[in-house]
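Below you'll find the structure, written out as structure tokens, and then a few comments.
Please treat every number below as a calculation from the coordinates, not as lab data. Here the structure is a predicted model, which is why all the values come from computation and not from measurement. Glycine also receives a Cβ, built like all others from the backbone with ideal geometry; neighbour counts cover every protein chain displayed.
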Amino acid sequence: MTEIPKSHPRYASLVARERVADGVKKGFTSTQGLIAQGRGEAFDYLLGEKTTPSAAKATRAAAAMLLLAERPALSVNGNVAALVPQEMVELARALGAPLEVNLFHRTEERVGKIADLLRSLGAKEVLGEWPDAAVPGLDHARAKATRGGIYDADVVLIPLEDGDRCEALVKMGKKVIAVDLNPLSRTSRMATVTIVDNIVRAVPNLTSAVRELSGLSKGDLSKILEDYDNNRILHQAVEEIQAHLEEQFKNT
Ligand code: PTJ
């Protein structure tokens, strides 16, 4: 990987770019993943490359939803494997939930490499190599699902997802938590809870929130969700982008 000096003003963004490029070289990430990362970077730039108040609120709601779940499952694709593999293993451990590899540009070789990577980082349960069910209404590889994992889950975390599967999972009656830097994407609009934040910040924040809220009663966790409105959160994210841009102009 290219050496990035810590003093560089765009250090975090450049490191993430290197990780995705490295993921492609190692065979975890699709070449299309590079384009997805570029799109994410652009939105992150507009957000000010920080966790906004709306993202923090959505993260807390997501943690409550995952803690209330009877069968949570966490989806992992090529970009997630490149950017936050250890962090996903830690989140899975905090929840006692399985990780399931699910790829849009599916090859069995890439699924196997990602599953091996997660296991090498300490993951207890990694699914996705032998799918035995299909999400109804999808005619691409993303339909592949595993019983005991995403197929049977009541709450699914889907970082960097396409809108079709998000919608299909919601149609199955599942609660879906998305992580997507684009507040306007179909995934963001279809999900039950959308964390508009970079996955490199969102996943560690989510694990901290899960640990912090894990002592709460079911009633208190439900209260966190009672007044949660995803549409309002997405509006707030757009307002935060606008405010950040106004701020930038003021400073020039
Ligand atoms: O590994 P595969 O084959 O499953 O493919 C994964 C990608 C991500 C290539 C595939 O799902 C894809 O093409 O996704 P899209 O449709 O480009 O959507 C990705 C969404 O994630 C976009 O809305 C991006 O803005 C957003 N995004 C990109 N990078 C990040 C991000 N959101 C959070 N954190 C990021 N680092």
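Tabulated data
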| item | result |
| --- | --- |
| Residue within the stretch 75-84 that is among the aliphatic types (A, V, I, L, M) and either free of Cβ contacts under 8 Å to residues at least 40 places away in the same chain or more than 13 Å from the ligand (Cβ to nearest atom) (or both) present | no |
| Inter-residue pairs, beta-carbon under 6 Å, first within 12 Å of the ligand (Cβ to nearest atom) and in the stretch 37-58, second assigned to a helix (DSSP H, G or I) and not polar (S, T, N, Q), 6+ apart | Q37/V20; L46/I241; L47/I241; T51/R201 |
| Test set (1) buried (at least 23 other Cβ atoms within 10 Å of the Cβ); (2) under 17 Å from the mean Cα position of the chain (by Cα) - A145 fails condition number | (2) |
| Check on R211, within 11 Å of the ligand (Cβ to nearest atom) and surrounded by fewer than 22 Cβ atoms within 10 Å (Cβ to Cβ) | no |
| Selected residue (criterion: surrounded by the most Cβ atoms within 10 Å (Cβ to Cβ)) from residues of the stretch 71-127 that are farther than 21 Å from R147 by Cα and under 12 Å from the mean Cα position of the chain (by Cα) | V80 |
| So L216, is it touching a residue at least 12 places away in the same chain (Cβ under 8 Å) and in a loop (DSSP other than H, G, I, E, B) | yes |
| Residue selected from the stretch 171-199 under the condition assigned to a helix (DSSP H, G or I) and buried (at least 21 other Cβ atoms within 10 Å of the Cβ), by the criterion farthest from the ligand (Cβ to nearest atom) | M190 |
| The stretch 128-137 - residue that is more than 20 Å from the chain's Cα centre (by Cα) and not acidic (D, E) and, of those, farthest from C166 (Cα to Cα) | W130 |
| Of residues in the stretch 1-29 being among the polar types (S, T, N, Q) and exposed (fewer than 15 other Cβ atoms within 10 Å of the Cβ), the one farthest from E49 (Cα to Cα) | T2 |
| Exclusive hit being exposed (fewer than 11 other Cβ atoms within 10 Å of the Cβ) and out of contact with any Leu (no Cβ under 6 Å at 6 or more places or on another chain), set N251, N230 | N251 |
| Some residue of the stretch 140-155 being in contact with a Pro (Cβ under 8 Å, 6 or more places away or on another chain), farther than 30 Å from L184 by Cβ and part of a loop (DSSP other than H, G, I, E, B) | yes |
